[in-house]
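Before any comments, here is the structure.
The values are calculated or read from the model by the stated rules, or taken from the named source; none is laboratory data. For clarity, every value in this text was computed on a predicted model and none was experimentally measured. A quick note on method: Cβ atoms are made from the backbone with ideal geometry, for glycine too, and the neighbour counts reach across all protein chains shown. What goes into the accessible areas is simple: the full protein's heavy atoms, side chains included, and nothing from ligands, DNA or RNA. Shrake-Rupley method; radii C 1.70, N 1.55, O 1.52, S 1.80 Å.
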Amino acid sequence: MSSRTWTPGRILGVSLLLAIPIVGISMLDELPDGGGVGGDRAERAPPYVPSPLPSAAPQDGLTFEVAGEQDVRGFSRLALYVPAGRPAADFLPAGLFKATFKGRLRVPNRDRYSFSFVGTGDLELSLGDQVVLTAVDGSVTNSMRLRLKKGAHVMTARYSSPKSGPAVLRIYWQSRDFAREPIPASALAHDQTETLARFARLRRGRELVQEYRCAACHEDAVAGRGGPALFGVASRLRVGWMARWIEDPKRSRAMARMPKLLHGTVAPKAARDIAAYLGTLGEIPAAPSAQEADEQQRKDG
């Protein structure tokens, strides 16, 4: 059974949750057999994994890619800063990455515009099918000054992180009407896609898990106290079942110890968001051997 890759950022996030010393609420109650009320056992299912985007044709938004895995979010600036050794995105491991900004550039007036780049790594900026700016290893190799009509122009910026050091990207523009400046948020737009909504749900679910301090009652699961461990829950319970349980535990089991956390009209959506995030929590990978750790340390310098 496949499971979602555990990145340092995700492991750290859940580890911080586990350190919260608070007597709270059991998120999924005991349920060691993955069952429900009256023998209504939860069906086993693979972990919830967002459908990957084709790397050759990213959808609107900002798509990060590491070793074939992707994370997608919205953007309002053509800018990035990722410290060396840190993950570029929430659901990806650290390492060399590619980032693709895809959307529209809103040109305020018909005029001649030029574009420039400050940063590290490689960049290719295109408007429509025309490449207007390229950079290699942080140095601009081609920059065009071109006349643009007023209005929206299809824009794609493809960035590759440097082999070492931080990943830095900032794209500027200028015309006869204004001096060189970062492209403002008001000049950038992109469509809201199903994939963007899916990743937004995962991020919101993670925020709610932190807000309700779910791990406070799950940290003693190994010792047999509290609710079951959140680690690996995706390999044991189906996301839809978890959403129903989280929304109202006593509706599934009258004697459930977990009280109803979510109230009002937002409860069903919040429960689905939490369940979607929990559905990404596959088994924790085994700790690397001493030899593997030494090899990784040599690679990292």
Check: Any residue in the range 132-153 that is under 25 Å from the mean Cα position of the chain (by Cα) and touching a residue at least 40 places away in the same chain (Cβ under 8 Å)?
Finding: no
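Do the conditions hold for G61, that is, is it modelled with pLDDT of 90 or more and surrounded by fewer than 14 Cβ atoms within 10 Å (Cβ to Cβ)? So that I can check it myself, show each step before the final result.
On the way: modelled with pLDDT of 90 or more: yes; surrounded by fewer than 14 Cβ atoms within 10 Å (Cβ to Cβ): no.
Judged against the criteria, G61 is not a match.
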Check: What number of residues within the range 109-141 are surrounded by 15 or more Cβ atoms within 10 Å (Cβ to Cβ) and in a loop (DSSP other than H, G, I, E, B)?
Finding: 3
Notebook entry, point to check: Take the residues of the range 64-108 that are acidic (D, E) and assigned to a strand (DSSP E or B): which is least open to solvent (accessible area, probe 1.4 Å)?
Noted result: D71
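For (1) more than 20 Å from D90 (Cα to Cα); (2) among the charged types (D, E, K, R); (3) modelled with pLDDT under 75; (4) in a loop (DSSP other than H, G, I, E, B), each residue gets a yes or a no:
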| site | (1), (2), (3), (4) |
| --- | --- |
| P228 | yes, no, yes, yes |
| A243 | yes, no, no, no |
| R251 | yes, yes, no, no |
| L261 | yes, no, no, yes |
| T265 | yes, no, no, yes |
| K269 | yes, yes, no, no |
| I274 | no, no, no, no |
| Y277 | no, no, no, no |
| G282 | no, no, yes, yes |
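Can you tell me which residue is surrounded by the fewest Cβ atoms within 10 Å (Cβ to Cβ) among those in the range 142-180 that are outside any strand (DSSP E or B) and hydroxyl-bearing (S, T, Y)?
The qualifying residue surrounded by the fewest Cβ atoms within 10 Å (Cβ to Cβ) is S164.
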